[in-house]
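Engineer: What follows is a single structure, and I will ask about it in a moment.
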């Protein structure tokens, strides 16, 4: 995708980690579809990205799905995030095949839809997170739907919001990794509240937990690792 699309970038022009999470969720899901003999509904159970240094300013961003392991109704998929052809993160996801968000039996979702590219000036504007007491709130937005029948937010968008909630508690620190587990569908026709808290504080490693709530329903939990050490681009060693 266009690595310089304003809605997918930070204010300084670097590709956003949140946008990377959305791209990863979509690309890893495509890996699941590639293993199936026919189109079938499925949903993300968990998603993880390990960042190999700060994401750069890049003209082209892609996510290469490398391998998928089918385990009955589950499928585990691995891949790499690339910026102008260079690996900048590795990711994995686990998916449940044959069910839609909410536990309903698989069903087709009518015809494909084409939506306009977001005109947001930066990724934070797309998230539209508003301070709300000890957390943040996102008002309902049907333009960010992943499961149209509910409608439910795209899993990558929920991950991006949780990652942003953690990052806002770690200014000046470098993101190291992030993982999220989806417990229930996050409905796009309802507001969503995000809370994050530190569970380990340190110069070299700080850990934050985050939760996404809709009313009294917990829809997703996440954990992020940050480091206060100087940023260094990851050095890749392959053992093929």
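Where a number appears in this text, it was derived from the coordinates with a stated rule and is not lab data. Quantities reported herein were computed from a predicted structural model and do not represent experimental measurements. Quick reminder, even Gly has a Cβ in these numbers, built from the backbone with ideal geometry, and neighbours come from all protein chains shown.
Engineer: Pick from 219, 199, 88 the residue whose mean-square fluctuation is largest in a GNM of the chain, springs joining Cα atoms under 10 Å.
Structural biologist: 199
Engineer: Further question on the same structure: Picking from 19, 186, 229, which is most flexible by a Gaussian network model of the chain using Cα springs under 10 Å?
Structural biologist: Of the options given, 229 has the highest mean-square fluctuation.
Engineer: Hey, what did the chain get for relative contact order, percent, Cα under 8 Å, at least 6 apart? Walk me through the numbers on the way to the answer.
Structural biologist: Details: 553 pairs, mean separation 48.2, N = 240.
Over the chain, the number comes to 20 percent.
Engineer: Further question: Given only helices, namely DSSP H runs of n ≥ 4 each adding -39500 (n - 2.57), what is the per-residue ellipticity at 222 nm of the chain, to the nearest 500 deg cm²/dmol? Mind showing how you got there, number by number?
Structural biologist: Values: 3 runs with 37 residues, N = 240.
Helices in the chain give a 222 nm mean residue ellipticity of -5000 deg cm²/dmol.
Engineer: Over the range 9-78, what relative contact order in percent results from Cα pairs under 8 Å that are six or more residues apart? If you can, show how the numbers build up before the last one.
Structural biologist: Values: 55 pairs, mean separation 27.4, N = 70.
Averaging sequence separation for qualifying contacts and normalising by length gives 39 percent for the range 9-78.
Engineer: Most fluctuating residue of 216, 84, 177 in a GNM of the chain with Cα springs under 10 Å: which is it?
Structural biologist: Of 216, 84, 177, the Gaussian network model singles out 216 as fluctuating most.
Engineer: Using the basic label-point model (7 angstrom from Cα toward the beta carbon), what is the residue 120 to residue 99 distance in nanometres?
Structural biologist: Result for the modelled spin labels: 3.0 nm.
Engineer: Could you check the simple spin-label distance between residue 174 and residue 131, using points 7 Å along Cα→Cβ, in nm with one decimal?
Structural biologist: Between residue 174 and residue 131, the label points sit 3.0 nm apart.
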